[in-house]
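Okay, structure first, notes after.
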Amino acid sequence: LPSPCPAAAPLRRPAWLPAACERLYSSRGKEKLEDMSTYPVESIRNFSIIAHVDHGKSTLADRLLEITGAISKTDRNKQVLDKLQVERERGITVKAQSASLFYNHEGINYLLNLIDTPGHVDFSYEVSRSLSACQGVILVVDANEGIQAQTVANFYLAFEAQLSIIPVINKIDLKNADPERVEKQIEKLFDIPTDECIRISAKQGTNVEKVLQKIIEKIPPPQCNTADPLKALVFDSTFDHYRGVIANVALFGGEIAKGHKIVSAHTKKRYEVNEVGILTPNEQPTHKLYAGQVGYLIAGMKEVTEAQIGDTLFLYKQPVEPLPGFKSAKPMVFAGMYPVDQTEYNNLKSALERLTLNDSSVTVHRDSSLALGAGWRLGFLGLLHMEVFNQRLEQEYNMSVILTAPTVPYKAILSSAKLIKEHGKDQITIINPAQFPDKLSVSEYLEPTVLGTIVTPHEYIGKIITLCQDRRAVQKDMLYIDENRVMLKYIFPLNEIVVDFYDALKSLSSGYASFDYEDAGYQSADLIKMDILLNGNPVEELATIIHNDKAYAAGKFLCERLKEAIPRQLFEIAIQAAIGKKIIARETLKAYRKNVVAKCYGGDITRRMKLLKRQAEGKRLMRKIGNVEVPRDAFIRVLKRETDK
Amino acid sequence: YPQWPYCRKRCSYCNFNTYVVPAVDEAAVRACLVREAQTLLRLSRVHSVTSVFFGGGTPSLASPHTIGAVLEAVAGTAHLPAGAEVTLEANPSSTSTSRLAGFRAAGVNRLSIGVQSLDDAELRLLGREHTAEDARKAVEGARGLFPGRTSFDLLFGLPGQSRDAWAQRLEAALGFCDDHISLYQLTLERGTALAAQVRGGALPAASQDLLADMYQTARTVLVAAGFRHYEVSNFARKGAISLHNLSYWRADQYIGVGPGAHGRFVPRGEGGHSREARVQTLEPVAWMREVQSRGHGTRSRAVLSPLEQLEELLTLGLRTDEGITHERWGRFSPQLSLQDVFGAPGEARALQQQGWLVLDSGGLRCSWAGLAVLDSLLPDLLWQLQR
């Protein structure tokens, strides 16, 4: 996205948020509407905070909100911008959030739009989307841990977007803090002079004011004009049960106010604006919004699909050239999702629609399977993204679902004329193992790869190199960033890192090594489809496309894990891995030969009945493969490889 | 069911509601057992008591006088027919012939002895006070006083016990047993010393297959010796089945008296019409205080819905070789017959076709193979019953 003027993503206030959360914020501006015309373009700064996970990005955001009076100063301000339950539980930021801050510097009132960005590698798409709305970034690095893989990745995102970069060394209050070493790393890797780094403790508030001053001095104001016709970018939207769609907009030109008639460039539909406002960080109505500013609008949009992210809004009868919008995120991991009970299909459908509106990086295709009924094939940015999405479905929409084994988007170059005709092209992308074309009709299979960056203390290099080789990775680069730390670059087949690479890396380096990756195109691969059978019946959730060399080991592993995950039953269960008709691994789960409680007299029946009734109730939630009953969570447990194995 | 809650020593595998105290105020406990038995019998308005079972704890530690007093209270409040089965649980370490004679004089006519094992090392592992020789002598002494009405318990699946060792114990047991024997798979109950040792790895756990083999061995050997395998863990010959225990499995009414005792009866004395699940206060001192102040120590009572009663009948009845007869089912479910519920297509029918269950003119029961895996059948059956 070219960014002629700033867009800070305003904060959403989800409907499920308890009112108590809102009391954290001050009531500034509640009594009278803020006059936004007092903030001309020259006094606006749009910036983002980028950092490796846990380097203190959210804590710094909390302090900035406090200093500028956006929130009152209390001990409870922790991860204020992380509003989702899943974010607070996991201590991560999933969704880019923002807040407008008011700050007086040398007699001038400034409007600072802060955008908090996600910290996990899966969500780097959100980071780049946020950066496209900024002119500068604060690059936070932990004074103890130093530069990590994501620090590198985020730096290059900002560098390539030609943003001003303010390096900040955080956690200088820690006992083992070594800011000098970190300054040297920053100089060596990023070519930023050591004296430009600001040493702070976000936790204690040390030097945080200096960061605000640097933002005003170093980051340029956005370039756009209020005299131009209205040009507003929809970059996020939420659905409120009472008010309908709330669209978050960035003004690239002109102004907007209540009563204006606007048109969507995408749908050509006309709306009348009911309310505009800013986020501080909760919604605050204003009279108007002006060019360069960021806020929200409510305009009688009833369907979530009406507020398309990336859409451009303009004034009725004053059409403008639409903004290019956002390039949609490229899903790296696909999985099937089905309702546990088909009667829940429609409820799940509407939950998916709402959740994907807030998370447009998830792709959704309708899908159906003989075994699992009607459902969807969803594309995610990574496995954590998939887990978080699933957790949000459960927590925010009370949905429980069946998820199939994740797969990456493989490709096949077809050789069969019949198939080429069927698909209308000779190259297809396979996002569902059920659609894997037979070797006979394919001239070549391709698998996606990524360029992975690993930063690690040097004592773990040996183990890490072995791990990478096990994952079929090819080393591209190895660089000492200081005496003790090494940066490694590898080309990985994506499927090798998707499920558990990050966990394995963390575990063998006692948590010290960090990892990030970026897309690196496709490479030829010897792929096959492996089925898992229970007493001869395929388990659709576990069908996987896999590298030929790894099939035996993976098949054996899956069978062994399944044997542990499935309870014994009244008959013997053959657990097999198969390629086509060929069985490559087998485990046998023996039948129950004795399962009856020894003593049952008058005394203990009540407790016993409770247990039996719970088991009877559990029957409803069992997945039946042929006549084998499998607990629903068994497959997910099987797929989560244990790193110590 | 009068419960005597005291033991001399806690066994390593036991998590029952039992208490080891330096001195028991037996007169006070006796008075409370008598009083509570009277109160609850009146509340139930039963006309005739078919059996009494003194359980524990170790009721053979109580004096014959106490046992006699409770029996007199029962006979004085309701009718206790002359031939009614009166069982006392006893430990080999508290069953001298003179004591046993005292119990017989007090009205006891059946003895159930906690032999548990016939190997001294195993008995030490179980924390028992007696030796194999003590056990054999106790059984022989009891048989002299209660001929044809002496039973004993044996445990199998002890840590480290082999299938051969178990077969030897069985053979030894058959050498001196009477006409009733109970064979229990050792259950590692949470909170017991033995379970902690097994979980901690200090003792080996028996494998599922070994336990199944041991059970099959026991069934085969005892049936060959002329015993009827009339319940999951119980065997009898010459008709010497325990009528008292059978009444639990038939879902008859029973009254629990004493700390932690359970009961199932209709409190007609206060105008009740529904079967209730009742539990008496667990802790003996608290229980006694309650009995002294209001005549009983009932801590909880819950009305059982018709469905819950059927669930219990199904769960308990299928443990017996006779199963659930049509007549008995009809008493709890006058509308829907066994055939209506379990003869229709569904889980039960599949289980019949697979040979685990039998539904015929005799009623619903487990097959020989089905009995060993009953707990895998019940969730399916309960699920079908609920629908």
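Among the residues making up region B:36-63, those that are farther than 26 Å from B:GLU283 by Cβ and of a type outside the set (S, T, N, Q) are B:ARG45, B:VAL46, B:HIS47, B:VAL49.
Condition first: modelled with pLDDT of 95 or more, open to solvent by 40 Å² or more (accessible area, probe 1.4 Å), part of a loop (DSSP other than H, G, I, E, B) and outside the structural domain of A:GLU106 (by the TED database). Can you find one or more residues in region A:217-226 that meet it? Within region A:217-226, none of the residues are modelled with pLDDT of 95 or more, open to solvent by 40 Å² or more (accessible area, probe 1.4 Å), part of a loop (DSSP other than H, G, I, E, B) and outside the structural domain of A:GLU106 (by the TED database).
Matching residues to (1) part of a loop (DSSP other than H, G, I, E, B); (2) open to solvent by 50 Å² or more (accessible area, probe 1.4 Å); (3) not assigned by the TED database to the domain that holds A:GLU303:
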position	(1), (2), (3)
A:ILE172	yes, yes, yes
A:ASN176	yes, yes, yes
A:GLU183	no, no, yes
A:ILE186	no, no, yes
A:VAL245	no, no, no
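Would you be able to say whether some residue in region A:537-558 is within 14 Å of another protein chain (Cβ to nearest Cβ) and surrounded by fewer than 19 Cβ atoms within 10 Å (Cβ to Cβ)? Checked region A:537-558: no residue is within 14 Å of another protein chain (Cβ to nearest Cβ) and surrounded by fewer than 19 Cβ atoms within 10 Å (Cβ to Cβ). None of B:GLY256, B:GLY272 is within 12 Å of chain A (Cβ to nearest Cβ) and of a type outside the set (Phe, Trp, Tyr) except B:GLY256. Against the condition open to solvent by 30 Å² or more (accessible area, probe 1.4 Å), over 27 Å from A:ALA578 (Cα atoms) and either without any contact (Cβ under 8 Å) to a residue 24 or more places away in the chain or not polar (S, T, N, Q) (or both), how does A:ALA520 come out, does it pass? So A:ALA520 passes the test. Looking at region B:180-203, can you tell me whether even one residue there is of a type in the set (Phe, Trp, Tyr) and under 13 Å from the mean Cα position of the chain (by Cα)? Yes - at least one qualifying residue is present in region B:180-203. The number of residues in region B:242-262 that are more than 23 Å from B:ALA302 (Cβ to Cβ) and either at pLDDT below 95 or surrounded by fewer than 21 Cβ atoms within 10 Å (Cβ to Cβ) (or both) comes to 2.
Tell me the residue from B:PHE265, B:PHE235, B:PHE227 that is in contact (Cβ under 8 Å) with a residue 12 or more places away in the chain, open to solvent by less than 20 Å² (accessible area, probe 1.4 Å), more than 10 Å from chain A (Cβ to nearest Cβ) and within 22 Å of B:TYR13 (Cβ to Cβ), please. Sole residue among the options that is in contact (Cβ under 8 Å) with a residue 12 or more places away in the chain, open to solvent by less than 20 Å² (accessible area, probe 1.4 Å), more than 10 Å from chain A (Cβ to nearest Cβ) and within 22 Å of B:TYR13 (Cβ to Cβ): B:PHE235. With respect to the conditions (1) surrounded by fewer than 19 Cβ atoms within 10 Å (Cβ to Cβ); (2) assigned by the TED database to the domain that holds A:ILE115, A:GLU303 lacks only one, and its number is (2). Residues that are open to solvent by 20 Å² or more (accessible area, probe 1.4 Å) and within 12 Å of another protein chain (Cβ to nearest Cβ), at least 3 per element: which helices (runs of 4 or more DSSP H) completely within region B:341-387 meet that? The qualifying helices (runs of 4 or more DSSP H) are B:347-353, B:374-386. For B:ILE113, all conditions in the list (1) crowded, with 19+ Cβ neighbours inside 10 Å; (2) β-branched (Val, Ile, Thr); (3) touching a Gly at 6+ places or on another chain (Cβ under 8 Å) hold save one; what is the number of the exception? Here B:ILE113 clears every test but (3). Reported count of residues in region A:592-631, each being part of a loop (DSSP other than H, G, I, E, B) and either open to solvent by 60 Å² or more (accessible area, probe 1.4 Å) or at the interface with another protein chain (Cβ under 8 Å from one of its Cβ atoms) (or both), is 14. When we screen A:LEU527, A:LEU562, A:LEU589, A:LEU534 for residues that are in contact (Cβ under 8 Å) with a residue 24 or more places away in the chain, within 14 Å of chain B (Cβ to nearest Cβ) and not acidic (Asp, Glu), the only hit is A:LEU589. Do the conditions hold for B:LEU316, that is, is it open to solvent by less than 10 Å² (accessible area, probe 1.4 Å) and farther than 23 Å from B:THR87 by Cα? Considered against the rule, which asks whether it is open to solvent by less than 10 Å² (accessible area, probe 1.4 Å) and farther than 23 Å from B:THR87 by Cα, B:LEU316 comes out as no.
Summed over region A:565-586, residues that are within 14 Å of another protein chain (Cβ to nearest Cβ) and open to solvent by 60 Å² or more (accessible area, probe 1.4 Å) total 2. Scanning region B:182-224 for residues that are in contact with an Asp or Glu (Cβ under 8 Å, 6 or more places away or on another chain) and more than 12 Å from chain A (Cβ to nearest Cβ), we see that the one that is farthest from B:GLU140 (Cα to Cα) is B:ALA195.
The values are calculated or read from the model by the stated rules, or taken from the named source; none is laboratory data. Just so you know, these numbers come straight off a predicted model, no measurement behind them. All Cβ positions, even for glycine, are placed from backbone atoms using ideal geometry, and neighbour counts span all protein chains on display. Heavy atoms of the whole protein, side chains included, go into the accessibility calculation; ligands, DNA and RNA do not. Shrake-Rupley method; radii C 1.70, N 1.55, O 1.52, S 1.80 Å.
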